[in-house]
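Student: The structure that follows is given in the form of structure tokens.
A short reminder: the numbers here are calculations on the coordinates, not readings from a lab. All figures in this text were calculated on a predicted structure; none of them were measured in a lab. Reconstructed Cβ throughout: ideal geometry from the backbone, glycine too, with neighbour counts over all protein chains shown.
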Amino acid sequence: MVSGITDVQHIFTHRNIYEQGDIYIKQFGILTPNSLISVKGAHFKRHATITLPLFRRGKITNNIDLIVDCTDKLLANWRTRPNKHVHCDIVQQCQNLMLQIFGLIGFDYDLEMLDERGSDQNELGKALFDLLKAAEFIIFAPTFMGKLYTTFSGRHRRAKAIVKKYLYKMIENEMAQSLSRDEVYQEMLLFLIAGFDTTSNALAWFIHFLSKYPRVQQKIKAELIDICNNQTLSVNQLDSLTYLDCVINETLRFFPPVNGTVRTLTADDRLPGSGVQLYKGDSVLIPFHNLSHDTRLWSIDPNIFYPERFLGEDKSHNPYALIPFGNGHRQCIGQDLARFELKVIAARMMQQVTFGDGGPDVNSGGHVTRLVIAPKHVGVTIEFV
């Protein structure tokens, strides 16, 4: 484990020595052997060259109305509940919202995740959920068990076949020209695995923190009233929401989407800060949570939730103290989309609702570490304004 900021910077800026962690290639390779996370060298460069343009700002911001519409649908569902009703299924609701958005952006397909009757009859929605559950098991299970599961599980094979059936109808020409159908399938599956839990859990944490800190919630609302004096929400308005950016950054700092990342050495090296000698084939863990809570790296106590830190003393914090999506050439390719989705949803919700604390029994927070740092207990009241 490497927590010294000088050593962390050294690792991320020496891509010729510190490559993708072997553990990721080994585990993700069971599911997606030909995706960005599982390939190195020339293969990685080829995939990155093709997929990176899909996440440029112009393509991302074009989805603002789609994200607002999906959020409005979730809000309409919430509106049918009494004001004093305590919503204890916030994590699941956030997952449904993010999967609905993913289906429309990635497949141009309505997964019906936000329909009151549920998505049990939606073939593609069920298949995607099955693949997500399989991924969670495979990535943490011993390699041989993961391989056995993908080979012999009828449920997994059916889910894979269904997703491929829909995906092959919708492959965009810009990817199909350079990637095989199976490579496109694997990239889409990786985007789902990597982006679904991270963004949905970040949203759930955001809601939890707002319910605990009414002052923060009111400041977001005041900023929205000042900049968006009606119920519209444009990209230009979104870019002007500085305080909301601070709250999102503080949420990602307090509970990063993932614990950390791993790099494997391609040559011997000595870390400049600690002086530790490393050898070719060694793997190092960079713990994001440790960095974002290291008192040496933050002027204001990092153990308190205080978004204003990014407007004051911690505005110029060390850039490697806050890397919720990683850093260097293997950082998360979809981080700009994740941040954009989170900000649009957060702004839209704050235009219409106020979150209240559901009480210590159901809104105590706590976390479960899986692929992500997931909230354990989130229970809030929702009052429409």
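Student: Can you classify region 276-343 as rounded, prolate or oblate using the Cα gyration tensor, where a ≥ b ≥ c are the square roots of its eigenvalues, rounded means a/c under 1.5, and otherwise it's prolate if a/b beats b/c and oblate if not?
Tutor: It comes out oblate by the Cα gyration axes.
Student: Springs between alpha-carbon atoms under 10 Å, Gaussian network over the chain: tell me which of Gly281, Gly41, Gly365 tops the mean-square fluctuations.
Tutor: Gly41
Student: Using the Cα centre as the reference, give the magnitude of the dipole from point charges on the C-beta atoms of region 266-316 (Lys, Arg: +1; Asp, Glu: -1; all else neutral), rounded to the nearest 20 debye.
Tutor: Result for region 266-316 is approximately 80 debye, rounded to the nearest 20.
Student: On to the next question. Fully extended, how many nm does the chain gain between Asn62 and Arg181 (0.36 nm per residue separation, minus their Cα-Cα distance)?
Tutor: Difference between extended and current length: 40.3 nm.
Student: Please arrange Ser153, Ser200 by counting, for each residue, the other beta carbons lying within 10 Å of its beta carbon, fewest first.
Tutor: Ser153, Ser200
Student: Can you tell me the length gained on complete extension of the stretch Lys212 to Val262, counting 0.36 nm per residue apart and subtracting the Cα distance?
Tutor: Extra length from Lys212 to Val262 when fully extended: 14.7 nm.
Student: Still on this model: Would you mind classifying region 145-282 by shape? Square roots of the alpha carbon gyration tensor eigenvalues, ordered a ≥ b ≥ c; an a/c under 1.5 is rounded, otherwise it is prolate if a/b is larger than b/c and oblate if not.
Tutor: oblate
Student: Calculate, in nm to one decimal, what Gln331 and Asp69 gain on full extension: separation in residues at 0.36 nm each, minus their alpha carbon distance.
Tutor: Full extension of this stretch gives 91.4 nm more.
Student: What FRET efficiency would be calculated for the residue pair Arg155, Lys221, taking the C-beta separation as r and a Förster radius of 41 Å, to the nearest 0.05?
Tutor: 0.35
Student: Give the long-range amide H neighbours of Thr261: residues separated by 5 or more places, or on another chain, with amide H under 5 Å away, using H modelled in the peptide plane at 1.01 Å from N.
Tutor: Those lying under 5 Å, H to H, from Thr261 are Ile286, Phe288.
Student: Pick from Gln352, Gln95, Gln277: which is most flexible by mean-square fluctuation in a GNM of the chain where alpha carbon atoms under 10 Å apart are linked?
Tutor: Highest fluctuation of the listed residues: Gln277.
Student: Taking R0 as 35 Å, what's the FRET efficiency between Lys315 and Met1 from their Cβ-Cβ distance, rounded to 0.05?
Tutor: Calculated value: 0.80.
Student: State, as an integer percentage, the relative contact order of region 5-384 based on alpha-carbon contacts under 8 Å between residues 6 or more apart.
Tutor: 26 percent
Student: Turning to a different aspect of this structure: Using a simple charge model, +1 on the beta-carbon of Lys and Arg, -1 on the beta-carbon of Asp and Glu, nothing else, what dipole does the chain show about its Cα centre, in debye to the nearest 20?
Tutor: 780 debye
Student: Run the quick spin-label model on Arg15 and Lys147: label points 7 Å from Cα toward the beta carbon, then report their separation in nm to one decimal.
Tutor: Between Arg15 and Lys147, the simple spin-label model gives 3.1 nm.
Student: In addition: Setting aside same-chain residues fewer than 8 positions from Lys45, which lysines have a Cα under 20 Å from its Cα?
Tutor: Those lysines meeting the cut-off are Lys26.
Student: Can you give me the distance in nm between label points at Asp239 and Leu52, each placed 7 Å from the Cα along the Cα-to-Cβ direction?
Tutor: Modelled inter-label distance: 2.2 nm.
Student: Please arrange Glu313, Glu250, Glu112 by counting, for each residue, the other beta carbons lying within 10 Å of its beta carbon, fewest first.
Tutor: Least to most surrounded, the residues fall as Glu313, Glu112, Glu250.
Student: Could you line up His293, His156 from fewest to most neighbouring Cβ atoms inside 10 Å?
Tutor: Ordered by Cβ neighbours within 10 Å, fewest first: His293, His156.
Student: Across the Cα atoms of region 5-384, what radius of gyration and what greatest pairwise Cα-Cα distance (Dmax) are found, in Å?
Tutor: My reading of the Cα-based Rg and Dmax gives 21.0, 62 Å.
Student: Considering only Ile323, Ile300, Ile25, give the residue with the highest GNM mean-square fluctuation for the chain, with springs between Cα atoms whenever their separation is below 10 Å.
Tutor: Checking each option, the largest mean-square fluctuation is seen for Ile300.
Student: In addition: Of the cross-linked pairs Lys221/Lys343; Lys84/Lys212; Lys126/Lys160; Lys40/Lys169; Lys126/Lys165, which ones have a Cα-Cα span greater than 18 Å in the structure shown?
Tutor: Going by Cα-Cα distance, Lys40/Lys169 fall outside the 18 Å limit.
Student: Which whole DSSP H helices in the chain pass both tests: a Cα extent of 24 Å or more along the axis and a mean Kyte-Doolittle value no lower than 1.0?
Tutor: Both cut-offs are met by 123-140.
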